[in-house]
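Notes for the one structure printed next.
The values are calculated or read from the model by the stated rules, or taken from the named source; none is laboratory data. What you are looking at is a predicted structure, and each value in this text was computed from that prediction instead of being measured. Every residue, glycine among them, receives a Cβ derived from its backbone with ideal geometry; neighbour counts consider all protein chains shown. The accessibility values were calculated without ligands, DNA or RNA, using every heavy atom of the protein model including side chains. Shrake-Rupley method; radii C 1.70, N 1.55, O 1.52, S 1.80 Å.
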Amino acid sequence: MRSIPTIAAAGLSRSEFEAISHRRDPVVLKGLGAAWPIVAAAAAGDERLCDHIARQAVEQMQDILVAPPKAKGLFSYTDDMTGRNFERRKAPLREVLDHLLQLRNADNSTAVYIQSTPASQIMPRFAVENINAIIDDAIEPRLWIGNATRVAAHFDVADNLAVVAAGRRRFILFPTDQVKNLYVGPLDFTPAGQPISLVDPEAPDFDRFPMFREALTSASVAELDPGDAIYIPSPWWHYVAALSPVNLLVNYWWRDYPAECGTPFNWLVHGLLAVRHLPKPEREAWRTLIDHYVFDDSGDPAAHMPDAARSVLGPMTPGLAAHLNNWLRKQFKPPPA
């Protein structure tokens with residue numbers, strides 16, 4: 001596996017980061033959060049970090065994921081894939097933090113994870129105290145708190161900037177074109193939202209997943225220290241392993257298109273409903289239309305029209321996205337009984 005390119009984040013401006021993100025390639029931003037108070041608290045020890053979080057936290061129950069020792073920290077499916085290999089529970093944050101401290105010296109311990117929780121629901125002042133100047137202020141940070149947990153390779157429908165605040169993390173990334181070699185599980189029944197690879201990249205079973213060898217030839221890896229960050233463009237596949245007994249990751253998700261557009265993943269699934277069952281020659285015909293209208297393979301498909309007549313082929317705006325949503329809702333109405 002090759003190393004993910006790294007740049008020093010000191011003095012990086014928002015416009016410079018936007019230029020980086022527009023290239024659509026992953027990059028490590030070394031030291032982006034090095035001056036954060038939360039990183040300083042973590043550097044003083046696990047107890048100091050947990051006390052720092054608890055003193056700022058709101059008094060409410062937190063959603064947590066708990067996996068048994070046999071899961072080896074990897075949140076995935078049961079062996080027969082009829083269920084998930086972890087439980088969802090609720091617990092006070094202080095109790096979760098104390099449990100993490102107690103598990104530090106346990107061999108092959110239970111995996112405990114607070115997953116993707118808006119920072120405002122845990123530490124209301126987090127964004128004010130831990131400033132990320134390269135991200136739009138409207139993008140809320142999310143917190144991931146746990147022990148030596150692992151997230152299977154998956155993709156996000158949004159761009160992702162992840163900052164390691166405590167512990168160390170390993171990221172293994174795969175380009176989107178490696179989907180054919182990743183042995184992806186169900187699209188509509190997933191452990192936590194997005195489809196995942198069924199391969200454990202730390203211990204791949206090549207007898208069961210032989211094409212994963214090819215995926216590894218295109219993979220890239222980075223191990224991040226506290227304060228380091230990584231930019232992962234959508235929809236790159238990424239596996240994330242927390243390497244320390246107590247870990248805190250902060251991530252930011254954003255999309256540079258109107259929220260009314262929905263997500264490309266929804267479009268993919270609708271393609272399974274509307275196109276995949278068709279005879280191959282008909283599918284190929286629709287591929288031609290999609291390439292023409294969606295991917296502009298022949299140039300602008302509305303170049304021959306006056307701007308006022310382009311309608312749904314015009315530049316995307318929130319108004320056009322809302323119009324398309326309303327039109328699609330009408331099409332999706334069930335037929336009369």
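Points to keep in mind about this one:
- Summary: within the chain, the longest segment free of GluC sites (Glu not before Pro) located in DSSP loops with at most 14 other C-beta atoms within 10 Å is 60-201.
- Furthest towards positive pole of dipole, 178, 132, 244, structure part segment 110-245, Cβ charges: 244
- For segment 208-285, average projected area of the Cα convex hull in nm²: 9.7 nm²
- Net charge contributed by nearby residues that have their C-beta within less than 14 Å of residue 94 (K/R +1, D/E -1): -3
- Here the Karplus relation 6.51 cos²θ - 1.76 cosθ + 1.60, evaluated at θ = phi - 60°, turns the backbone of segment 20-31 into coupling constants of 5, 5, 5, 7, 6, 10, x, 8, 8, 9, 5, x Hz, with x for every Gly and Pro.
- In segment 36-140, a dipole from Cβ-located charges (positive for Lys and Arg, negative for Asp and Glu) runs towards its positive end, and of 52, 120, 74 it is 74 whose Cα lies farthest in that direction.
- Cα point-scatterer Debye curve for segment 95-194, base-10 log of I(q)/I(0) at q = 0.22 Å⁻¹: -1.35
- Sulfur and carbon atoms: percent of accessible area, segment 174-251 [1.4 Å]: 55 percent
- Listed residues 41, 203, 165, most fluctuating in the chain (Gaussian network, C-alpha, under 10 Å): 203
- Overall Cα dimensions of segment 1-103 - principal axes, largest extent first, Å: 42, 40, 23
- Built from the Cα atoms of segment 269-337, the convex hull projects on average onto 6.6 nm², one quarter of its surface area.
- Taking every alpha-carbon pair within segment 154-237, the share separated by more than 15 Å comes to 61 percent.
- The chain, relative contact order [Cα under 8 Å, separation at least 6], %: 21 percent
- Debye intensity ratio in log₁₀ form over the Cα atoms of segment 163-295, taken at each q of 0.10, 0.11, 0.16 Å⁻¹: -0.46, -0.55, -1.06
- Per-q log10 I(q)/I(0), segment 146-199, q = 0.19 Å⁻¹ (Debye; single scatterer per alpha-carbon; no solvent): -0.80
- Take 285-291, 131-137, 190-196 and order them by the average number of nearby Cβ atoms within 10 Å per residue, most first; the result is 190-196, 131-137, 285-291.
- Per residue, the solvent-accessible area of segment 202-257 (1.4 Å probe, heavy atoms of protein chains only, all protein chains present) comes to 39 Å².
- Based on Cα atoms of the chain, Rg over Rh with Rh as the Kirkwood radius reads 1.00.
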